[in-house]
Amino acid sequence: MSSNIIAIVGRPNVGKSTLFNRLIGHRKAIMDNVSGVTRDRSYGHGDWVGKYFTVIDTGGYVHGTDDIFEEEINKQVELAVKEADVILFMVDVDAGLTGLDEEFANYLRRTDKPIYIVANKADSNARAHQMGEFYALGIGIEIFPISSQNGSGTGELLDAVITHFKDEGVEDPDAGIPKFAVLGRPNVGKSSFVNLLLGVERNIVTDIAGTTRDAIDSRYNAFGKEFIIVDTAGVRRKSKVSEDIEFYSVMRSMRALEDADVCIIILDATRGIEAQDVNLITLAEKNRKGIVILVNKWDLVEKETNSTKEFEEEILDKIAPIKYVPVIFTSVVTKQRVHKAIETAMEVYENKTQKISTSKLNDKILPEIDRYPPPAIKGKFVKIKYITQLPTHNPTFAFFCNLPQYIKESYTRYLENTIRKHFGFDGVPIKLVFRKK
């Protein structure tokens, strides 16, 4: 994690996620007038007058309610306070000083970090004058009246905040680092998998489907390599998505898929592969992402001699013609093969980014083409002269030949399989293009 960390904390529904989105310059956190929309810690990056920083959005701190997420959200808030260099304690001038604000202020007294009270919804002079009552909290360096909705007052706030930064920070600490998105239907064990890898409770886990709402990025180091692992909300069929919050959660999951290098798609072993799993795998393939399939809860399945082999064949049969995807059988509860899963994801990333020299390609593939040339069409013979890998983001191979229009799909599949046989590319969609020579 970079230096210059700002944590936005406070009770629910005071506008923390709106301020978070404003400080990082785009809508990353889900916002809704319903209390408790944010649950996990969410990270974003911003800058102000040449200083770069990381912002942590947190769930609303509550106490003594019957909300089953209360304890877990409060844990996440406490972790954010520990990580932060500067704390923004957000209150609401509309609602005025509440018992929850006072209670949270008592908690913050234990920290020696610089604290600023941010009086939100002060979008007029009359409202800004209402902030006076928050001096009664007796904490913080200063109170700043702001409107996170329209941005007024945030400049003055940031001017004060950056005085506590020891250095200029890093523009984008995540630039160039491989990104793995963990996707799947609700309740298949995505957050448990991520927490087990990280060794900390980065994401809230319960038996309730839909616990995770935002896509949550975390840095992770394994096998001497650093990458970002993204926990996402469970994806259900459109017809099953009823609330706005869930709709936005699913949209964030889809965006995480589009931004990822590798998609780790988790299935529930007790339910087998379902239509929504197939849709996710197909979508990852269409977006030309690396793919690893994790069959979680394998400890709950009664085993027979060929259980894994049969299960894997069933999966590959359902997602055909996508036959190149590694399938790992795991159990997050018993910690079975969890690190094997991440090792495989790293291998898939390396496959996705590998570059093969033109000489090596031609040495291996041209003899195979000579042995099994493209079939003649209308008495015309296709001659493939040479092959090269194009300098694209995803593996793409150009075949230069005399009659590119006569290459049939079945022969394209043969060529793809031949490339995979010699050069691997497990878990990675590859594209073949045919050009006139």
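Values quoted throughout were computed directly from the atomic coordinates according to the rules given, and no laboratory measurement underlies them. The structure displayed is predicted, hence computed values, not measured ones. In this analysis, Cβ positions are derived from the backbone assuming ideal geometry, glycine residues included, and neighbour counts consider all displayed protein chains.
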Exercise for review: First measure r as the distance between the Cβ atoms of T163 and N287, then evaluate 1/(1 + (r/R0)^6) with R0 = 41 Å and state the FRET efficiency to the nearest 0.05.
Suggested key: 0.45
Exercise for review: Would you mind counting up the charge near I356? Only other residues with Cβ under 11 Å from its Cβ, with Lys and Arg at +1 and Asp and Glu at -1.
Suggested key: +2
Exercise for review: Using a cut-off of 15 Å between beta-carbons, work out the net charge of the residues near R127 (Lys and Arg +1, Asp and Glu -1, R127 not included).
Suggested key: -3
Revision key, fill the gap. Listed by chain and number, the lysines with an alpha carbon less than 20 angstrom from that of K286, same-chain partners under 8 positions apart left out, are K179, K238, K318, K323, K352, K431
Study note, to complete from the structure: By the C-alpha gyration tensor axes a ≥ b ≥ c (rounded if a/c is under 1.5, else prolate when a/b exceeds b/c, else oblate), the shape of segment 298-437 is prolate
Point to revise | Dimensionless Rg ratio for segment 119-199, taking C-alpha atoms and the 2.2 N^0.38 Å reference | key: 1.73
Revision key, fill the gap. Taking every C-alpha to C-alpha distance in segment 279-338 and binning by 5 Å from 0, the per-bin percentages run 4, 17, 25, 23, 18, 10, 3, 0
**Study point:** Protection-proxy order for peptides 312-325, 368-381, each taking the mean of Cβ atoms within 10 Å per residue, highest first
**Key:** 312-325, 368-381
Practice item. Please give the length that would be gained between T111 and K383 if that part of the chain were fully extended, namely 0.36 nm times their separation in residues minus their C-alpha to C-alpha distance (nm, one decimal). Key: 90.6 nm
Practice item. Mind checking the full-extension length gain between T98 and Y135? Use 0.36 nm per residue of separation minus the Cα-Cα distance, one decimal, nm. Key: 12.0 nm
Study note, to complete from the structure: In terms of the charge dipole of segment 288-391, which places +1 on Lys and Arg and -1 on Asp and Glu at the beta carbon, the residue among F381, P321, I293 farthest towards the positive end is F381
Exercise for review: Determine, for each peptide in 184-191, 124-131, the mean count of other beta carbons within 10 angstrom over its residues, then list the peptides with the highest first.
Suggested key: 184-191, 124-131
**Study point:** Where labels lie 7 Å past Cα in the beta-carbon direction, separation of S152 and D426 in nm
**Key:** 6.0 nm
**Study point:** Extension gain from E274 to N221, taking 0.36 nm per residue of separation minus the Cα-Cα distance
**Key:** 15.9 nm
Review point. To two decimal places, what compactness ratio does segment 359-437 give when its Cα radius of gyration is scaled by 2.2 N^0.38 Å?
Key: 1.05
**Study point:** Positive minus negative residues near K436 (Lys, Arg vs Asp, Glu; Cβ under 12 Å)
**Key:** +4
